[in-house]
């Protein structure tokens with residue numbers, strides 16, 4: 001028996017992990033292509049915002065404008081699990097290139113759209129590609145690297161995604177002013193072609209399974225139906241409230257389709273999401289923590305601009321600047337977490353610190369009032385951003401490491417989908433809480449005409465300046481009280497995430513091997529059990545080695 005160090009189980013000499021596998025030739029160029037596709041997919045979630053007035057002025061149909069966001073997010077979410085599974089079955093490169101082609105086709109079509117209806121359809125096509133870009137980039141890292149090395153590079157991806165979210169509105173405004181709104185989509189073409197060339201030339205092919213893979217068409221259709229229902233529930237609930245019949249019908253449809261999907265997946269030969277993955281406690285915790293952190297963080301920060309502009313009287317431009325510390329903190333924390341995990345192999349305390357910091361920041365934000373200064377809010381946002389950054393990609397990394405190598409893509413897409421749904425539900429649920437509290441406080445503290453404007457959402461920040469000082473102060477108190485309720489509501493969600501994070505095993509990721517428990521890349525468990533476990537991988541009998549060959 002070989003000595004593997006304190007706190008780690010001994011490993012027989014004849015099953016020692018293989019030596020580290022060398023990265024493909026010109027890997028820095030391949031990494032640049034992966035980062036570019038990831039940035040494009042995230043940029044298109046935010047770049048449209050500042051082009052709204054020009055876009056609707058040209059195409060009309062202002063009432064349909066919000067669907068340009070919903071359509072992209074809907075198909076983006078649907079595509080994630082599909083691309084994850086297809087990449088596992090058919091190899092990463094062909095699936096990745098297909099996603100880029102769809103994304104570029106959608107971008108060109110959006111740039112040529114002649115009506116709002118056309119733009120919505122083409123945004124949906126663009127989202128089908130965008131979801132694949134995001135999943136494929138992280139899955140490629142899982143294929144090529146052992147977990148510790150992967151941690152370093154996933155931090156870079158998270159930093160690029162934060163920068164893309166920050167730069168989106170700025171880039172959209174610049175392109176719209178200088179070249180016209182169509183160029184916010186057409187700019188993707190040269191960038192996408194460059195990334196496609198890099199991936200086509202530099203990304204190694206992967207070994208195919210001997211038998212012809214069987215695609216889970218029924219499972220894919222059922223899961224698509226569940227995701228569509230869930231996303232539309234959040235969209236319609238945000239517009240019409242949770243009591244609307246359409247919301248309840250869609251929610252019932254999601255539950256019914258979900259039950260049928262689970263039953264089907266238990267019997268499918270190649271399930272789109274192997275339910276056996278959830279038999280591993282670590283994988284399940286990672287999925288739930290990813291959902292909880294996204295739910296709470298984005299549910300909160302979506303309404304902070306409202307606080308800055310209505311309570312503090314801050315301009316829109318300065319509001320964006322006050323968010324910078326949070327975004328920078330998130331990016332730095334993600335990179336630092338990746339570097340530390342890469343050196344030590346230990347990951348447990350990052351999700352713990354993440355949820356603890358975010359819980360503390362949300363709790364303190366709930367105690368603020370109309371007299372709290374913008375500097376204090378910006379500092380609390382920075383603390384929350386650091387907290388989120390400490391776990392944003394750690395959950396993906398650990399989920400990949402618990403899954404057999406044949407399910408690297410599926411494990412990546414499952415965590416990504418949980419994160420996306422957390423964002424959607426957080427914004428809608430907290431929006432409903434905000435509206436309910438605004439209605440109650442406005443009726444209690446404001447004159448009826450002003451209260452109606454607050455509840456109806458027509459009291460813009462510039463109108464508050466025209467009110468008498470006493471009424472303006474009461475309006476600030478109403479918004480401050482309602483937003484405090486939103487922040488307080490995030491605390492129990494984050495506490496659930498904290499408790500689950502504490503249940504993670506304190507283990508060390510392997511420094512060698514290709515990653516995934518099927519490739520000696522899973523965590524080393526002190527009790528000697530496999531990190532993936534028999535139940536973690538589903539049908540492990542089909543896990544054929546598919547390590548990268550030299551291009």
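The values are calculated or read from the model by the stated rules, or taken from the named source; none is laboratory data. All figures in this text were calculated on a predicted structure; none of them were measured in a lab. Using ideal geometry, Cβ is built from the backbone for each residue, glycine included, and neighbour counts are taken over all protein chains shown.
Here are a few things to note about the model shown:
- Condition check for residue 401: assigned to a helix (DSSP H, G or I), crowded, with 22+ Cβ neighbours inside 10 Å, on the phi < 0 side of the Ramachandran plot and not assigned by TED's automatic domain parsing to the domain that holds residue 76: yes
- Condition check for residue 191: under 29 Å from residue 325 (Cα atoms), modelled with pLDDT of 90 or more and either out of contact with any strand residue (DSSP E or B) (no Cβ under 8 Å at 6 or more places or on another chain) or in the same structural domain as residue 69 (by TED's automatic domain parsing) (or both): yes
- Test: residue in region 267-280 that is surrounded by fewer than 17 Cβ atoms within 10 Å (Cβ to Cβ) and closer than 30 Å to residue 386 by Cβ: yes
- Search result, residues across region 107-118 that are part of a helix (DSSP H, G or I), at pLDDT 90 or above and more than 24 Å from the chain's Cα centre (by Cα): 108, 109, 111, 118
- For region 509-525, the criterion of being out of contact with any helix residue (DSSP H, G or I) (no Cβ under 6 Å at 6 or more places or on another chain) and modelled with pLDDT of 80 or more is met by none of the residues.
- Yes/no for residue 104 being within 15 Å of residue 185 (Cβ to Cβ), in a helix (DSSP H, G or I) and either modelled with pLDDT of 90 or more or in the same structural domain as residue 199 (by TED's automatic domain parsing) (or both): yes
- Residue satisfying condition, being modelled with pLDDT of 85 or more, over 22 Å from residue 30 (Cα atoms) and exposed (fewer than 13 other Cβ atoms within 10 Å of the Cβ), within set 252, 221, 210: 252
- Qualifying residue in region 138-156 (condition: surrounded by fewer than 16 Cβ atoms within 10 Å (Cβ to Cβ) and assigned to a helix (DSSP H, G or I)): no
- First in region 72-83 and in the same structural domain as residue 134 (by TED's automatic domain parsing), second anywhere and not in a helix (DSSP H, G or I), Cβ under 6 Å, 6 or more apart: 81/272; 81/273
- Going through (1) touching a helix residue (DSSP H, G or I) at 6+ places or on another chain (Cβ under 7 Å); (2) part of a helix (DSSP H, G or I); (3) within 20 Å of residue 81 (Cβ to Cβ) one by one, residue 334 falls short only on (3).
One line per residue, one yes/no per condition, for (1) modelled with pLDDT under 80; (2) assigned by TED's automatic domain parsing to the domain that holds residue 340; (3) in contact with a strand residue (DSSP E or B) (Cβ under 6 Å, 6 or more places away or on another chain):
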site	(1), (2), (3)
134	no, no, no
141	no, no, no
147	yes, no, yes
162	yes, no, no
173	yes, no, no
200	no, no, no
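- Residues being closer than 16 Å to residue 226 by Cα and free of Cβ contacts under 8 Å to residues at least 40 places away in the same chain - total across region 237-268: 17
- Of everything listed in (1) farther than 21 Å from residue 339 by Cβ; (2) under 23 Å from the mean Cα position of the chain (by Cα), the single unmet condition for residue 177 is (2).
- Condition met for residue 162 (part of a helix (DSSP H, G or I), over 26 Å from residue 34 (Cβ atoms), in contact with a helix residue (DSSP H, G or I) (Cβ under 9 Å, 6 or more places away or on another chain) and in contact (Cβ under 8 Å) with a residue 12 or more places away in the chain): no
- Qualifying residue in region 366-374 (condition: at pLDDT below 85 and either assigned by TED's automatic domain parsing to the domain that holds residue 162 or assigned to a helix (DSSP H, G or I) (or both)): yes
- Members of region 304-322 that are within 20 Å of residue 387 (Cβ to Cβ) and either out of contact with any helix residue (DSSP H, G or I) (no Cβ under 7 Å at 6 or more places or on another chain) or free of Cβ contacts under 8 Å to residues at least 12 places away in the same chain (or both): none
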